[in-house]
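Read through the structure below, which is laid out as structure tokens, and then see the notes.
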Ligand SMILES: [Zn+2]
């Protein structure tokens, strides 16, 4: 099982799409709750970290890090 390292500025792809049809979100704030903004409609949502992690398909941060 891969550990997700989430940082502000990362872009996450979700298994469950936003009602607007987009599945990519920008990370705005990281803590016990994570604040994300939909890249489709620009709305932001706060989701408990545990719930969000179960829903993430992939994370990209623009730089290739191992
Ligand atoms: Zn949306």
Looking across segment 20-42 at residues that are in contact with a strand residue (DSSP E or B) (Cβ under 9 Å, 6 or more places away or on another chain) and surrounded by fewer than 13 Cβ atoms within 10 Å (Cβ to Cβ), the single one that is farthest from residue 4 (Cα to Cα) is 20
Condition set at pLDDT 95 or above and outside any strand (DSSP E or B), scope segment 31-48, selection nearest to the chain's Cα centre (by Cα): answer is 39
When every residue in segment 16-27 that is within 14 Å of the ligand (Cβ to nearest atom) and part of a strand (DSSP E or B) is compared, the one farthest from residue 57 (Cα to Cα) is 26
Residue 14 passes all but one of the listed conditions (1) in contact with a helix residue (DSSP H, G or I) (Cβ under 6 Å, 6 or more places away or on another chain); (2) at pLDDT below 95; the exception is number (2)
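The values are calculated or read from the model by the stated rules, or taken from the named source; none is laboratory data. Just so we're clear, the structure is a prediction, and the values are computed from it rather than from any experiment. Please note: Cβ atoms are built from the backbone with ideal geometry, for glycine as well, and neighbour counts cover all protein chains shown.
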